[in-house]
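Single-structure report; data block below.
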Amino acid sequence: MHKNWMRAAILAVGFGAVCAATAGAQAKAVKDISQTDVSLSLYGAFSGSTSGDGFAQSPSNSAGGMIAVRHISNPLFGYEGTYSFNRANQVYTPLVCPATGITPGCSPAQPVSADAHEITGDWIASIKLANVRPFALAGVGLLFNQPTSGQSDTTGSKKGVFVYGLGFDWGLLPHIGLRLQYRGNVYKAPDLSTVFGSSTQFEHTGEPMVGAYLRF
């Protein structure tokens, strides 16, 4: 009986040690995979012109900044929230000139100075390879275009936006690294002019980015 008790105790202790070691290894693996960071990036915003609905809309290229908070749970699941800001000036040019008597008459082109604020929620897929982590992302959000003050015949605009992107993190120190990425934004063209009215066209803005992250 005594030997059986001793054998059972030894087996129980051994089993507990194996379980503890396994749990410790799993916890370390989860810790190695799971991470949270905050990043700050600078980017260039490059948009193409659109035409339709009787007018052409020409966004200006500009520079901007983005702050993001990202959490990676595993290689197939991560998420982030972002806020970005850049100038978003537009020029509206008529394509059709209504006839006034025998002399064609056109509304003059209307430039609009504006700021763009964008907030998004993104899904992240990534994999860690040494001190480099390539990633892909897709998300949705809202784009707010607000004309600067002192302009007549203008109005603010709020549009949904689809975001996609690719990039990689490059770890330089245990908690600090570089983040290089390209993000694309697809959205309905902002309606900032009350003279030209609403647009049914879609715009695409490409944003190559360089930034740094701090990992917790």
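Once label points are set 7 Å from the Cα along Cα→Cβ at both Phe168 and Ser49, what is their separation, rounded to one decimal in nm?
Inter-label distance under the simple model: 3.8 nm.
Report Arg87's accessible area, 1.4 Å probe, all protein chains in place, as a number in Å² to the nearest 10.
For Arg87, the solvent-accessible surface is approximately 80 Å².
Can you give me the distance in nm between label points at Ser58 and Val91, each placed 7 Å from the Cα along the Cα-to-Cβ direction?
Taking the two extended label points, one gets 0.3 nm.
So what is the accessible area of the stretch 63-216 per residue, in Å², with the probe set to 1.4 Å? Let's see the in-between values first.
Working: 7730 Å² over 154 residues.
Per residue, the stretch 63-216 has 50 Å² of solvent-accessible surface.
To make sure I understand the rule: partners must be aspartates and glutamates, Cα under 12 Å from the Cα of Lys188, and not fewer than 8 residues away in the same chain. Which ones qualify?
Glu203
How many nm is it between the label spots at Trp123 and Phe202, if each spot is 7 Å from the Cα in line with the beta carbon?
1.8 nm
Suppose the chain between Tyr83 and Lys158 were pulled fully straight at 0.36 nm per residue; how much longer would it get relative to their current alpha carbon spacing?
On the way: separation 75, 0.36 × 75 = 27.00 nm, distance 1.48 nm.
Answer, rounded to one decimal: 25.5 nm.
As an exercise, use a Förster radius of 41 Å and the Cβ-Cβ distance of Ala136 and Ser107 to find the FRET efficiency, rounded to the nearest 0.05.
Values: r = 44 Å, r/R0 = 1.07.
For Ala136 and Ser107, the calculated efficiency is 0.40.
When a/c is below 1.5 the answer is rounded, else prolate if a/b is larger than b/c, else oblate, so apply that to the stretch 132-214 with a ≥ b ≥ c taken from the square roots of the Cα gyration tensor eigenvalues.
On the way: a/c = 4.13, a/b = 2.39, b/c = 1.73.
In terms of gyration-tensor shape, prolate.
Taking the Cα centroid of the stretch 59-80 and of the stretch 107-142, what is the distance between the two, rounded to the nearest whole Å?
Measuring centre to centre over Cα atoms gives 6 Å.
The values are calculated or read from the model by the stated rules, or taken from the named source; none is laboratory data. All values derive from a computational prediction rather than experimental measurement. Note: ideal-geometry Cβ built from the backbone for every residue, glycine included; neighbour counts use all protein chains shown. Note: accessible area is taken over every heavy atom of the protein model, side chains too, but ligands, DNA and RNA are not part of it. Shrake-Rupley method; radii C 1.70, N 1.55, O 1.52, S 1.80 Å.
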